[in-house]
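This report refers to the structure that appears directly beneath it.
The values are calculated or read from the model by the stated rules, or taken from the named source; none is laboratory data. All figures in this text were calculated on a predicted structure; none of them were measured in a lab. Quick reminder, even Gly has a Cβ in these numbers, built from the backbone with ideal geometry, and neighbours come from all protein chains shown.
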Amino acid sequence: MRNLSRRRVLGGILAVSAGFFCGCATTTLQSVQRAPDFNAGQIHRVLVVCVTRTAGLRNLVESEFVRQWKKRGVDATPSAKVLSDGVTLDKAGIASFAKAQGFNTVLVTRLVKRESIEAQTPENANLTQEVKAVVASPEYGMDYEVALVSSNLYDVATEKRVWSGITQTLVTGGAPSRIRAYVKLILKNLYEPAR
């Protein structure tokens, strides 16, 4: 009986720790590419586009980018509020609109892949150390999903991609906290000087 109680307490502590850990570090940057002449200081008016079939998710992602960009003094607009329903979320549909409305950049985010991973199997390929630590927890045996998301920033005048990042997110907890962490990571890296 005592052993069972200890196991429950330990399991509860680990679950809370894993939840805290996941809320803080569930998104990691896998790769970044930037044009040699890219300067984030040139971003003044940006159209934010989240390509997804889920309207609620699109609004959450775009609104969070707008919120965090506005803190940096950038005029950001969510595409869900300004694009008509008939506009396709591709280059042909967005480029002419962005030019006509005076945007100088467009950020496009898109889910690349979402895959399930089994608990306690940290040897899965392409998982970051943070994700492996959560998934391998012996007392917190549940399966997880990992989402790979691409974020691409385009210069409207040249229609060329000037910055690109791929992130990996362990899908746990509520979407708003994951989205905040994801957006914060993207913008932090976007504004870091090239290395």
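Yes/no per residue for (1) assigned to a strand (DSSP E or B); (2) modelled with pLDDT under 95:
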| site | (1), (2) |
| --- | --- |
| GLY11 | no, yes |
| SER17 | no, yes |
| CYS22 | no, yes |
| VAL46 | yes, no |
| SER63 | no, no |
| ARG67 | no, no |
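Suppose we keep only residues that are out of contact with any helix residue (DSSP H, G or I) (no Cβ under 9 Å at 6 or more places or on another chain) and not in a helix (DSSP H, G or I) within the stretch 85-110. Which one would you say is modelled with the lowest pLDDT?
For the stretch 85-110, the residue satisfying everything is ASP85.
So LEU153 clears everything in (1) at pLDDT 95 or above; (2) assigned to a helix (DSSP H, G or I) except one condition, right? Which one?
Exception for LEU153: condition (2).
Residue pairs, Cβ under 6 Å, 6 or more apart or interchain, first in the stretch 102-115 and without any contact (Cβ under 8 Å) to a residue 40 or more places away in the chain, second surrounded by fewer than 17 Cβ atoms within 10 Å (Cβ to Cβ) and part of a strand (DSSP E or B). List them.
From residues that are without any contact (Cβ under 8 Å) to a residue 40 or more places away in the chain, the pairs are LYS113/LEU148.
Return the pairs, sorted by first residue and then second, in which the second residue is among the hydrophobic types (A, V, I, L, M, F, W, C) and in a helix (DSSP H, G or I), the first residue lies in the stretch 48-75 and is free of Cβ contacts under 8 Å to residues at least 24 places away in the same chain and surrounded by 13 or more Cβ atoms within 10 Å (Cβ to Cβ), the beta carbons are less than 6 Å apart, and the residues are 6+ apart or on different chains.
Final answer for the pair search is ARG58/ALA80; ASN59/ALA80; GLU62/ALA80.
Report yes if LYS160 is closer than 20 Å to ARG110 by Cβ, at pLDDT 90 or above, over 11 Å from the mean Cα position of the chain (by Cα) and surrounded by fewer than 16 Cβ atoms within 10 Å (Cβ to Cβ), otherwise no.
Considered against the rule, which asks whether it is closer than 20 Å to ARG110 by Cβ, at pLDDT 90 or above, over 11 Å from the mean Cα position of the chain (by Cα) and surrounded by fewer than 16 Cβ atoms within 10 Å (Cβ to Cβ), LYS160 comes out as yes.
Considering only residues of the stretch 156-185 that are β-branched (Val, Ile, Thr) and part of a strand (DSSP E or B), which is farthest from PHE97 (Cα to Cα)?
VAL171
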